[in-house]
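Single-structure report; data block below.
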Amino acid sequence: MFDLVTIGHTARDEFEGEPEWRIGGTATYAAAAAACLGDRVALLTRVGPNERERLAARCRELGIELHALESAVTTTFSFRYVDGRRHLRLKARAKGIGAEAIPPPLRETSAVVPVSAKLEAEIAELPPEEAASFRKELGLAEPALDRLIRATYELLGLCSFFTVGEDEVRAWTVPRGAPAQQAAGAIHTDLERGFIRAEVIGWQELLKAGSEANAKKLGVMRTEGKTYPVKDGEILHVLFNV
């Protein structure tokens with residue numbers, strides 16, 4: 001049984017001024033992300049004869065089980081940049097993938113996340129504000145790729161916490177509910193070895209407070225010990241001594 005099955009069009013992405021095309025498509029990207037996280041993944045897609053060999057080679061490299069449906073063409077997008085803005089044009093579109101096209105082995109899976117290549121292509125052409133409004137009208141809380149990554153994390157029992165510095169924010173992936181000391185080891189083994197305590201705050205609380213200093217004044221940043229179970233989306237400042 002597969003951990004995740006992604007279903008959607010593979011895309012042939014062509015960029016103005018570049019001789020080589022690239023493999024694209026939300027379903028393809030999501031399958032690759034899940035495979036890199038260790039899932040047993042299958043990709044059900046339509047791909048034309050000119051792109052099939054390259055897609056098959058990439059799936060073999062990533063350990064993705066490819067189920068390629070026959071198609072005369074691959075869904076193809078042309079990208080060009082004008083004044084720093086991306087313009088996308090649909091050049092060719094493969095036939096859709098209906099429920100009847102899903103083979104029995106792919107129906108026995110922990111999760112199936114459907115992706116509409118046509119819809120995602122249309123949303124990709126919109127400015128961020130309009131894209132968010134369009135998704136809301138369709139009842140979609142987030143982009144397809146985000147939904148697929150979230151499903152993969154849930155299947156693997158993973159979560160992410162953040163570290164925040166003056167010049168960067170970084171996310172660290174650990175098992176869901178990992179003790180704070182163990183989570184600190186994802187950053188560096190010295191932090192786990194010399195762990196004293198962690199200052200913890202949810203990312204939404206930090207945004208609302210405006211700064212860590214103000215969060216401390218408001219009392220929303222708290223101190224937790226070694227066994228505290230880290231939650232998804234929390235920000236940790238690890239105090240240690242080695």
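Would you compute, from DSSP H runs of 4+ residues alone, the mean residue ellipticity of the chain at 222 nm, taking -39500 (n - 2.57) per run and dividing by the full residue count, rounded to the nearest 500?
-10000 deg cm²/dmol
If you count the DSSP beta bridges with both ends in the chain, what percent of them are antiparallel, to the nearest 5?
60 percent
Dimensions of the chain along principal axes (Cα, Å, largest first)?
Each principal axis gives a Cα extent; for the chain these are 62, 45, 36 Å.
For a quick size check, give me the Cα extents of region 26-134 along its three principal axes, largest first, whole Å.
That works out to 45, 30, 29 Å along the principal axes.
For region 136-206, which GluC sites (Glu not before Pro) are in a loop by DSSP, counting at most 16 other Cβ atoms within 10 Å?
Here the sparse-neighbourhood loop sites are E166, E168.
Can you list which of the GluC sites (Glu not before Pro) found in region 1-56 are DSSP loop residues with at most 15 other C-beta atoms within 10 Å?
Sparse-neighbourhood loop GluC sites (Glu not before Pro): E16, E20.
Which whole-percent values make up P(r) of region 158-240 when all C-alpha to C-alpha distances are grouped in 10 Å steps starting at zero?
20, 55, 25, 1
All of the numbers you see were taken from the coordinates with simple rules; none came from a lab. Everything quoted here is computed from the prediction, not taken from an experiment. Ideal geometry is used to build each Cβ from the backbone, glycine not excepted, and the neighbour counts take in all protein chains shown.
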